[in-house]
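Peer 1: Structure in structure tokens, see below.
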Amino acid sequence: MSIAIAIRKVQRNLNDYGIGETLRKVVASLAGKVYLERTYRIYRRDLRTEQPAGEAPPGIELRVIAADDEQAVRDIETMEEWLQGAVKDRLSKGLCVAAFDGERVAGFNVIAFEEITIPLLNMTRRLRPGQAWSEQITVAKEYRKSGLATALRHRIFTELKQRGYRSLYGGTLLTNIASLKSANKVGFRFLADVRYRKVLHQEYRTYRRVSHVAP
Ligand SMILES: CC(C)(COP(=O)(O)OP(=O)(O)OC[C@H]1O[C@@H](n2cnc3c(N)ncnc32)[C@H](O)[C@@H]1OP(=O)(O)O)[C@@H](O)C(=O)NCCC(=O)NCCS
């Protein structure tokens with residue numbers, strides 16, 4: 001990771017989680033060169049069920065964006081530094097619905113098909129036909145808790161269903177309560193927890209089925 005991206009990551013964490021959690025993450029990241037442990041929860045939404053209409057909050061417009069939507073791509077890469085330089089390629093192979101406040105991207109959901117990457121587990125997987133993977137959903141801080149993620153998800157469900165997809169998978173860290181609750185609210189069912197450990201250069205992943213329990 002370049003220094004510039006590392007600085008932006010710290011800034012985003014300060015913005016998202018505050019100083020205490022950011023310091024904890026920085027220390028964990030330094031210690032993580034030696035030992036790293038995290039638990040990642042995987043969930044699935046059945047797209048064959050009735051889909052609620054994606055009502056955006058007032059003043060916000062939802063639309064599917066393409067790889068040549070330069071300004072939106074720049075906004076998304078600014079919001080999530082780990083996607084820096086990678087959004088165009090993802091949009092050319094996947095799907096993205098963005099929420100616009102005028103010209104500005106207030107939130108987005110990027111979906112991948114076929115081959116997916118899960119950076120937090122350091123792994124890639126091939127999906128089966130009819131399956132899609134939610135790579136990232138982000139709402140800019142000042143737009144949170146007003147139903148925007150819910151609206152983005154509902155719009156994505158409709159778009160995927162129209163394209164013939166049957167299931168949307170996604171995942172997040174077990175510590176990301178906002179994300180888990182938001183997924184739960186729109187009908188994702190929790191499937192499994194993957195415990196990822198890295199000791200120096202050796203990686204371990206253990207899988208545990210979870211029964212659906214809201215966080
Ligand atoms: C997770 C995230 C996308 C939610 O966006 P949002 O627009 O605030 O979500 P919504 O307003 O649609 O809220 C939906 C539900 O999520 C839950 N929720 C949202 N933010 C929450 C928070 N900070 N704490 C607890 N629950 C929260 C609530 O259950 C809420 O439903 P309710 O308002 O009826 O109680 C947003 O917090 C975010 O961008 N976080 C940083 C990026 C991230 O972690 N993405 C997920 C991993 S890919």
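The values are calculated or read from the model by the stated rules, or taken from the named source; none is laboratory data. The structure presented is a predicted model; accordingly, all values stated were derived computationally and were not measured. All Cβ positions, glycine included, derive from the backbone under ideal geometry; neighbour counts span all protein chains shown. Ligands, DNA and RNA are excluded from the accessible area calculation, which covers all protein heavy atoms including side chains. Shrake-Rupley method; radii C 1.70, N 1.55, O 1.52, S 1.80 Å.
Peer 1: Across region 36-209, how large is the tail of the calculated P(r) beyond 20 Å, expressed as a percent of all Cα pairs?
Peer 2: Percent of Cα pairs beyond 20 Å in region 36-209: 52.
Peer 1: Okay, moving on. Rounded to whole Hz and in sequence order, give me ³J(HN,Hα) for region 132-143 from the Karplus expression 6.51 cos²θ - 1.76 cosθ + 1.60, θ = phi - 60°, writing x for Gly and Pro.
Peer 2: Per-residue couplings from phi come out as 9, 10, 7, 7, 7, 10, 9, 10, 4, 3, 6, 9 Hz.
Peer 1: Taking R0 as 41 Å, what's the FRET efficiency between residue 78 and residue 191 from their Cβ-Cβ distance, rounded to 0.05?
Peer 2: That pair, residue 78 with residue 191, gives E of 0.80.
Peer 1: Same structure again: Residues of region 1-81: accessible area per residue at 1.4 Å, in Å²?
Peer 2: Accessible surface, normalised per residue, equals 63 Å².
Peer 1: Moving to a separate point now. Quick check for you: which residues of region 145-178 have the amide N under 16 Å from the point 7 Å beyond the Cα of residue 48 toward its beta carbon?
Peer 2: 161-169, by backbone N distance to the label point.
Peer 1: Okay, moving on. Among the listed pairs 25/93; 145/185; 145/181; 141/181; 93/161; 33/141, which are separated by more than 21 Å between their Cα atoms?
Peer 2: As for pairs spanning more than 21 Å Cα to Cα, those are 25/93; 33/141.
Peer 1: Still on this model: Amide H of residue 127 versus every other amide H placed in the peptide plane: which residues, excluding those fewer than 5 positions away on the same chain, fall under 5 Å?
Peer 2: Answer set, sorted by chain and number: 114, 115, 116.
Peer 1: I would also like to ask the following. In sequence order, what are the phi-derived ³J(HN,Hα) couplings for region 21-26 according to the Karplus relation 6.51 cos²θ - 1.76 cosθ + 1.60 with θ = phi - 60°, rounded to whole Hz, with x for glycine and proline?
Peer 2: 5, 5, 4, 4, 5, 5
Peer 1: Under 5 Å between amide hydrogens, which residues at least 5 positions from residue 140 or on another chain qualify, with H placed 1.01 Å from N in the peptide plane?
Peer 2: 107
Peer 1: Scan around residue 135 for amide H atoms under 5 Å from its own, H built in the peptide plane at 1.01 Å from N, and keep only partners 5 or more places away or cross-chain.
Peer 2: Amide H neighbours of residue 135: 110, 111, 112.
Peer 1: What full-extension length gain, to one decimal in nm, is calculated for residue 167 and residue 200 as 0.36 nm per residue of separation minus the Cα-Cα distance?
Peer 2: 8.3 nm
Peer 1: Then there's this: ³J(HN,Hα) across region 70-85 via Karplus (A = 6.51, B = -1.76, C = 1.60, θ = phi - 60°), whole Hz, x for Gly/Pro?
Peer 2: 4, 5, 5, 4, 4, 4, 5, 5, 6, 6, 10, 5, 5, 8, 3, x
Peer 1: I would also like to ask the following. Multiplying the sequence separation of residue 146 and residue 158 by 0.36 nm and subtracting their Cα-Cα distance, what value in nm do you get?
Peer 2: 2.3 nm
Peer 1: Roughly speaking, to the nearest percent, how much of the chain's 1.4 Å accessible area is carbon and sulfur?
Peer 2: Carbon and sulfur together cover 53 percent of it.
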